[in-house]
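The values are calculated or read from the model by the stated rules, or taken from the named source; none is laboratory data. Just so we're clear, the structure is a prediction, and the values are computed from it rather than from any experiment. Here the Cβ positions follow ideal geometry from the backbone for every residue, glycine too, while neighbour counts run over all protein chains shown. To get the accessible areas, we keep the full protein, side chains included, count just its heavy atoms, and leave off ligands, DNA and RNA. Shrake-Rupley method; radii C 1.70, N 1.55, O 1.52, S 1.80 Å.
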Amino acid sequence: MSNLALRVEHLGKKYRIGARQARNGLLGDEIVASVKRPMQRVAALFARDGHAAPDNAESFWALRDVSFELAHGEALGIIGRNGAGKSTLLKILSRITKPTTGRVELYGRVGSLLEVGTGFHSELTGRENIFLNGAILGMRRAEIARKFDEIVAFAEVENFIDTPVKRYSSGMYMRLAFAVAAHLDPEILVIDEVLAVGDTSFQKKCLGKMGDVTREGRTVVFVSHDLTAIQALCSRAIRLSHGELVGYGAVGEQVGAYLAQNRGEAQNDLDHPIALTANTQLARFGFTPNPVITGQPLVFNLEMQSARAMRIDELAVLIFDALSRRIALIDLRRSGQPLKMTGQDRLKLHVSLKQLPLVEGEYRVALWIRSDEVTLLQNDLVALNVISDVNEGDFVPYRAMARGVVELDYSIARE
Amino acid sequence: MNATQSSLKPARERATDTLADTPLLVIVPDSQLFHLNLREVWNYRELLLFLTWRDIKVRYRQTVLGAAWAILQPLTAMVIFSIVFGQLAKLPSDGIPYPIFTYTALLPWNLFSGALTRATSSLVASSNLISKVYFPRVLVPLSAMMSALVDFGFAFLILIGMMIFYGIVPTWRILALPFLLFLALAAAFGIGLWLSALNVRYRDVNYIIPFVIQVWLYASPVAYSSTLIPAQWQWLYGLNPLTGVIEGFRWALLGTSWEPGGLILLSALIVAFVLVAGLVYFHRMEDSFADIV
């Protein structure tokens, strides 16, 4: 494996909650504790595992036994909820903090970008900050000087370059800060949520720049809450939950699993029957697979039962987008037979969809029913999660918001 | 089997292999007790300069008097000491006019105390940097100290003016000055390493430091001559490395009768010890800076 960019083996990081408290604590408290601590250490020596510090409630593992590998030229996304250990992992990879257990091997120069504008000083001018920030991020002076014009042009701050940055608008400040960072070129780039800054057009520019970075064959480790950005930029992903690695593989698959894990299985399909009326129950209602990949086939299942015989005049499944706009309707009257239930016989419907041409995102599914007993629109029964396929073009796709609702299936011929 | 084969490969081929197969960097939990990666510090020398330059630039921006503050401070101290200790208390000054006698001592003293104060608060002041970027942490107290050296430079210009005024001609002894300067800085650095690392964990240090500096000032021969100390206590007095440095300054610049000899050697030894211990302690603590700062 000479193409390896980084290898992480059994990485763990333990934080002492006590250490956090001592942060603003005074020496006096600590003197008491320092008398106690050696005693605990001695006690720990006789404990089974012989570890130096007792693994008590005062400490917690922000990261535990995480192992993965990344080849050169691959972009890895790290997904997981807040507190899953994403930031801790990035901090270890960028050497800001040391792991408690395990090891990391890095086969290349690492540049990390955990914050935009680290070390910027408001009293200094744009020009001065470019050099200072560049040096902090590990660039050589000559390298910064060479890229200076490019950085200034990218940030669009030519006219203010000799103005102290405290007079910049927040947008200008962010643009300048990102511009410096974007011109960093280590072999392995570690990035945290950097895209969450600036206006939409600048975000697009950043995304484009980051796309360039990955296509140049640079190795990237990327954390973001923006799953679209992760999918656009990364080919592989790892999934963290409570400090542990719970998934590792292709980005589409991991994002899907993450969404599923987040919603909980219960919401993707009904976990218990829902009473529509006093007599009617919805026993099954949902799509499989869920999440589904854009353009892929899927099926819909419905199962209803009624305590008494019942004829249904209208039955339809409605799909709403995140803005509660109605996107589609599946008319179940097209089943060809009258929709009837008797006391014993359940109504079971199985709908096959050739493909789902929806842009990635979360959709809500509702049921419309009109019978001799009731007329009802039951909203928000389940969520349907649509995720995009791995991007194969050599460009960065537009964000989901920009692409509307329908993902057309097309090919382009060129004469 | 594989291992044997690879070790039998021609040297050149092995060398290219090593490039691709050995990690450039390995991150592991433990670190050695003493490990000052000088090469890494050297690789980051530009950052050291930039941080120093930032400190200097920012310090006097938006001040009316700017760099004049670097001169005003020792000048004021000199005037006060001259009145209180020179005129009122009439302390002996070895035949040297009292103002220049005390100003010559104030230079290394201010260098030391300024460097120490700034180094101590440096890590906490740079907490945003420490928690977001990696670089050798030792650069932070180091760069904070460097800006004190610039202040020293400005204040030294005044000393040159005073030497001309009092008609004092420097001798070959002035060659010892860089060494004494280095000793003062090394002392500040050694103690600064301890205090800055401690300050990350216990903010008490911030409150202690002005007090320590004040006591130390009177424990050093700044306002008086060390000849005032009884002979049987000279050895104890000499444990303060600033004694050697300050008397050394007077000896080198003003030609006082004090002989460096054993005292300066003792100072150098103590400074060396403090410095090494400071580096060890700092290194032991630096891995946790980002977690607790």
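Worth pointing out:
- 1.4 Å probe, heavy atoms, protein only - residues of the stretch B:188-213 losing at least 50 Å² accessible area vs chain alone: B:Arg201, B:Tyr202, B:Asp204
- Per DSSP, loop trypsin sites (Lys or Arg not before Pro) in the stretch A:271-380 with at most 11 further Cβ within 10 Å: A:Arg308, A:Arg325, A:Lys354
- Dipole-positive endmost among B:Val58, B:Pro178, B:Phe101 within the stretch B:38-184 (Cβ charges, Cα centre): B:Val58
- Nitroxide proxy distance, nm - points 7 Å out along Cα→Cβ at B:Leu228 and B:Leu157: 3.2
- For the protein assembly as shown, a crude dipole built from +1 on the beta carbon of Lys and Arg and -1 on the beta carbon of Asp and Glu, taken about the Cα centre, is about 880 debye to the nearest 20.
- A 1.4 Å probe over all protein chains sorts B:Arg45, A:Arg175 by accessible area into B:Arg45, A:Arg175, starting with the largest.
- Sites B:Val169 and A:Ala145, calculated FRET efficiency, Cβ-Cβ separation with R0 45 Å, nearest 0.05: 0.50
- The calculated FRET efficiency for A:Asn379 paired with A:Arg16, based on their beta-carbon distance and R0 = 51 Å, is about 0.60.
- Working from label points 7 Å from Cα in the Cα-to-Cβ sense, the B:Ile71 to A:Ala250 distance is 7.3 nm.
- The stretch B:74-135: trypsin sites (Lys or Arg not before Pro) in DSSP coil with no more than 12 other Cβ atoms inside 10 Å: B:Lys90
- Farthest toward the positive end of the dipole of the stretch B:50-159, out of B:Pro74, B:Ser131, B:Leu149, is the Cα of B:Ser131, where the dipole comes from beta carbon charges about the Cα centre.
- Which of A:Val223, B:Leu49, B:Val28, positive extreme of dipole for the protein assembly as shown (C-beta unit charges): B:Leu49
- Accessible solvent surface per residue of the protein assembly as shown, calculated while the other protein chains remain in place, 1.4 angstrom probe, Å²: 49
- Order of exposure, largest accessible area first, which applies to B:Thr104, A:Thr277 with probe 1.4 Å: A:Thr277, B:Thr104
- Only helical runs count toward this figure. For chain B, summing -39,500 (n - 2.57) over DSSP H runs of n ≥ 4 and dividing by all residues gives -23000 deg cm²/dmol at 222 nm.
- Solvent exposure ordering (accessible area, 1.4 Å, most first) of A:Ser324, A:Ser94: A:Ser324, A:Ser94
- Solvent-accessible area of the stretch B:35-292 (1.4 angstrom probe, protein heavy atoms only): carbon and sulfur portion equals 72 percent.
- Membrane-span-like helices of chain B, defined as complete DSSP H segments with a Cα extent of 18 Å or more along the helix axis and a mean Kyte hydropathy of at least 1.6, are identified as B:68-81, B:139-165, B:177-201.
- Average beta carbon contacts from partner chains per residue of A:95-101, 10 Å cutoff: 6
- Size of the A/B contact, given as accessible area buried on both chains, probe 1.4 Å, in Å²: 4200
- Residues of the stretch B:110-149 buried by at least 50 Å² of accessible area upon assembly of all protein chains, compared with the chain on its own (1.4 Å probe): B:Lys132, B:Val133, B:Tyr134.
- Two-site FRET efficiency, B:Asn128 against B:Leu88, from Cβ-Cβ distance with R₀ of 56 Å, rounded to 0.05: 0.70
- Simple label model, 7 Å out from Cα along Cβ direction - A:Tyr398 to B:Leu149, nm: 5.7
- Given 16 as the ceiling on other Cβ atoms within 10 Å, longest exposed-site-free region of chain B for chymotrypsin sites (Phe, Trp or Tyr not before Pro) in DSSP loops: B:35-165
- Neighbouring Cβ atoms from other chains, within 10 Å of the Cβ of residues in A:117-124, number 4 on average.
- Sorted from greatest to least, the principal axis extents spanned by the alpha carbons of the stretch B:35-292 come out as 55, 46, 35 Å.
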